[in-house]
Structures are given as structure tokens and as C-alpha cells.
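Here is the structure we will look at, set down as C-alpha cells.
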Amino acid sequence: MRDSGVNMRKQTIIVAVGCLAAVGAVAVTARHFIIGHTPAQTEADARGARTELTTGAIDARWPKPGAEPAATPAPAVQPVATTPPAVEKRTVVAKPACNNPNALGVSRTIQLDTTGGPGLGMSQYRDYDFLQPGEVVLTFDDGPWPVSTPAVLAALSAQCVQAVFFPIGKHSTWHPDILKQVIAAGHSVGSHTWSHQNLATKTPQEARDEIEKGISAVSMMAGTPIAPFFRFPQLRQTADLKAYLAERNITAFSIDIDSEDFRIHKPDVLVTSVMTKLKKAGKGIILMHDLHKWSAAALPEILAQLKAGGYKVVFIKPKEMLTTMPQYDAMVTAAQPQKTSSNAKPIASIMQNVD
Ligand SMILES: [Zn+2]
């Protein structure tokens, strides 16, 4: 093994701590943040981390536009404005009315001060054990996506619950109208990088570019500042990047309960998986993906079983919204396809081959 004897002893201690905390499955990653590895060690560990705490292989699970099966065709990609919408003004969303007297509902709403970048999610960050027994936070990654994201929104609305979304920057540029639906429904919207790279394998500058470009893209496509909430793709981070988020006053959300919907594609199996893990953990931040239609299909039953089981949904919203960095706004703008002017005529209507 590559670890020195000292590190092996540390590892043994930390794995024991992880088991005591009933998060044995994630103890290998949790140890990074308990024992204060150096950045170099943490990066090396992150690269070699086991897949148990990841959200799956990126390329295999990240469909491209038009790759949906014929039964659920992806709507045409929306045209994107070539100039960014103003983001100075925050969209104020009133709390949605609840027309279902038997809804699960939100039991409490937390306003989070992200100054200094406090991490949430006990699998990686152990400073803030903020949930009471039976409380859950619902989180959805990798959207916005046609069909599945609107279906997730409908399921949440039907039970009058609110969640935290972590959209991908590129996806947001492809489907800004769906992103706006998430904003309009009053959910918290953070970000999840520009193109869902494993940041632990990137140079520090490349990783920061991915983070900031993602923030700019989601903010610009939302048309309003977003929450200073961030989730690392595959939960792969480095100590340097966590420190960078702290400088930017951005909270990293880890997880407590991985639905594993990247590999479990049958909605009924997914429901059982989530509820079994939740029963064992007793509470926690639940990770799902609004990218997947099977996750959207499973959500109504998961919410019904949460209510039947007496679980409480906690909603987290930010105290302050996040300011983008202009140079990254410009990069996102430059990455958009240039539109022709609206009064341009078809070429054939103005040009004829005459000779
Ligand atoms: Zn993801």
C-alpha cells in the first residue's frame, strides 16, 4: 500500500470512527476531512477514492441532447440569448400555496449563512449535525433536463415540499426555461460545475474555471442570482477547492443518503433503496438526480413513504445570494452559439444563381 505506517494507523482509527457513526460505507472519504490531510494527500486520495460515494461514471450516465428514446423525446434546445440577462435583481418567489391538506409539506425552513463556506452532509463534513432524527433534506443534481425535471417539480409540488437543486451549467444553457421553472417553484438553486468534470483530477485553475463557469451559467440562465450552494461532481473535492469555496462563501453540500439512482433504474427498487437507507441512517441529506426519468417516476412514492413513515422535510435557503464573476459571465456568453439577426431572410430568397 502507498500509505506510510503513520497514515495506516490514522486510517484504521478513522474507519473505526466512521463505523461508530453508522456511515461505514462512506468512511473512506469521510476520513479526509477529519484528520486534516495535506492538500496533496487529499488530492491523491480523491483520485483513488472508491466509487461507493460517487454519483456514477459521468460519461456513461450523462445523456446528450437528442439521446432520449423516442417515447420521451427531448424538446428542442431553447435558443439562448447572446447577451447575459441582468442578474442584479433577485427574483423574489413567494412561498407556493399548498392545496393538498394531506401533503407531506415542509416542516421547517432553515436560512443558511454561508459565510466561510460551512460544509453540510455528514459523509464528508462533520461540523454541523443540524438535522433532528427523522428529518431529511431533498436534493437533486444534474438538471435541468426535459421531461424528468418537470416531473420532479410536479411531484414536489403535489406534496408541497421544497428541495435544493444543483444544476449543471451546460445543461442550464441548453434548457434555460426548465431551470426557470425550478426557480419559479421556490426551490433553492445552487450549482454543480460547468460540465460535470471530476475536479480532483484537474489543475487548480481548471477546477476553479469549472466551478465559476457553472455558477455564471446557472445564474445567467436563471435570470436571477442563485444560492451560494455547490455540490462537487461525484463528490470529488480537494482541500484546496474546499478552501476556495470558503473564500467565496459558498457552502458545499455533501450527502448522507445516496439514492444510487445512477445505477438503480427501476422506480420501485429505487424507492426501497432510499427508504431502507433512510431507515438505517434515521435522517439526512438525500441525493437524487432530476436528470433521470426513473428518479422522477419514483419520487411520488418516496414522498408518500416519507409521510407515512413520519419523516419531516427540511428546506434550506440561503441568507444571501451569490455574485458571479464577470470574466466567467463573459466566457459563458462566448460559449453560446451566435444567433443570426431576426430580420435575416433565407439565402435563397435574396440570391439566385444566374450564370
Ligand atoms: Zn452530478
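The values are calculated or read from the model by the stated rules, or taken from the named source; none is laboratory data. If you're wondering where the values come from, they're calculated on a predicted model, not measured in any experiment. As a convention, Cβ positions derive from the backbone with ideal geometry for all residues, glycine included, and neighbour counts pool all protein chains shown. In case anyone asks, the SASA skips ligands and DNA or RNA and just uses the protein heavy atoms, side chains included. Shrake-Rupley method; radii C 1.70, N 1.55, O 1.52, S 1.80 Å.
Table for the structure above
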| read-out | value |
| --- | --- |
| So residue 177, is it farther than 23 Å from residue 90 by Cβ and either assigned to a helix (DSSP H, G or I) or open to solvent by 10 Å² or more (accessible area, probe 1.4 Å) (or both) | no |
| Elements of type strands (runs of 3 or more DSSP E) contained in segment 78-166, each with 1 or more residues being hydroxyl-bearing (Ser, Thr, Tyr), at pLDDT 95 or above and more than 16 Å from the ligand (Cβ to nearest atom) | 106-112 |
| Helices (runs of 4 or more DSSP H) contained in segment 250-355 and holding at least 1 residues modelled with pLDDT of 95 or more and crowded, with 19+ Cβ neighbours inside 10 Å | 267-281, 293-308, 326-335 |
| Any hit, segment 210-226, residues being within 14 Å of the ligand (Cβ to nearest atom), crowded, with 22+ Cβ neighbours inside 10 Å and modelled with pLDDT under 95 | no |
| Residue ID - farthest from the ligand (Cβ to nearest atom), chosen from residues in segment 188-209 that are open to solvent by less than 20 Å² (accessible area, probe 1.4 Å) and outside any helix (DSSP H, G or I) | 188 |
